[in-house]
Structures are given as C-alpha cells and as structure tokens.
Amino acid sequence: MKHIASVAQIEALLLIWSSPEERWGLPQIAARIYTSESEAAKALDGLCAEGLLVCRDGGFGLNASAENGEMIRRLEEIYARYLIPVTDVIHSKARATHSAAGQLRLQGD
C-alpha cells in the first residue's frame with residue numbers, strides 16, 4: 001500500500017478484513033467505524049483507488065490477493081500494537097498537508 005490518508009481508511013479496511021465474505025454497505029461501514037457517511041465514502045474511495053477494496057452494486061469487499069492479504073495482516077498487527085503512534089503519524093501528515101495548502105493559497109494571493 002502506498003498511502004493511508006486517514007484513520008477512517010484503516011478502520012474501514014480492517015473492518016472489511018474482519019469479515020471478508022461479507023459485502024459491506026456505506027451506512028453500515030460508517031456506523032461501525034463511528035464516522036459520517038461522507039467521511040466513510042471518502043475513505044472507501046481511496047481504498048478502492050489503491051486497489052485494496054472493490055465496490056460492486058453499492059457493496060464493498062476486499063480485493064483479495066496474496067500481497068493485499070499480507071499487507072493488511074501486518075497493518076492489523078501494527079495498528080493493534082501501536083494505535084497511538086500510528087494515528088499520530090496519520091494526523092501529523094494531514095496537518096502538514098493542510099498547512100502546506102494554506103501556505104500555497106497565501107503565496108498565490
């Protein structure tokens with residue numbers, strides 16, 4: 001995986017990983033990861049773009065491959081063991097991105 005942009009992406013991916021045979025709907029995922037449907041949709045779109053999930057008929061499922069399976073298994077281990085440091089890294093990346101975007105807008109004015 002090249003990029004995880006949010007905690008919502010991790011949570012959604014691990015939720016779907018926990019029951020790979022199930023097709024998950026957007027409202028169901030949003031409720032289970034305690035976020036809005038719009039935030040969940042953004043997270044799921046990113047995971048589909050990365051090739052980790054597939055969306056068919058409004059249901060999300062794993063894009064099963066050996067490489068994806070191994071990566072998600074490792075992510076699950078790391079996230080369970082290092083929850084706070086992982087979320088800190090994700091949030092600091094998001095803050096840096098927002099700060100850089102704000103600086104670019106100021107420079108363009």
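Just a few scattered comments:
- Residue in the range 22-31 that is surrounded by fewer than 18 Cβ atoms within 10 Å (Cβ to Cβ) and modelled with pLDDT under 95 present: yes
- The residues on offer are 40, 30, 80, and the sole one that is out of contact with any helix residue (DSSP H, G or I) (no Cβ under 8 Å at 6 or more places or on another chain), in a helix (DSSP H, G or I) and of a type in the set (A, V, I, L, M) is 80.
- Condition broken by residue 34, with the remaining ones in (1) among the aromatic types (Phe, Trp, Tyr); (2) open to solvent by less than 50 Å² (accessible area, probe 1.4 Å); (3) free of Cβ contacts under 8 Å to residues at least 24 places away in the same chain satisfied: (2)
- Conditions (1) at pLDDT 90 or above; (2) in contact with a Ser or Thr (Cβ under 9 Å, 6 or more places away or on another chain); number of the one not met by residue 90: (1)
- Verdict on residue 96 being more than 24 Å from residue 26 (Cβ to Cβ) and at pLDDT below 95: yes
- Options 49, 40, 66; residue that is farther than 17 Å from residue 3 by Cβ, open to solvent by 40 Å² or more (accessible area, probe 1.4 Å) and of a type in the set (Gly, Ala, Ser): 66
The values are calculated or read from the model by the stated rules, or taken from the named source; none is laboratory data. Small disclaimer: the values here were computed from a predicted structure and weren't measured. A quick note on method: Cβ atoms are made from the backbone with ideal geometry, for glycine too, and the neighbour counts reach across all protein chains shown. To get the accessible areas, we keep the full protein, side chains included, count just its heavy atoms, and leave off ligands, DNA and RNA. Shrake-Rupley method; radii C 1.70, N 1.55, O 1.52, S 1.80 Å.
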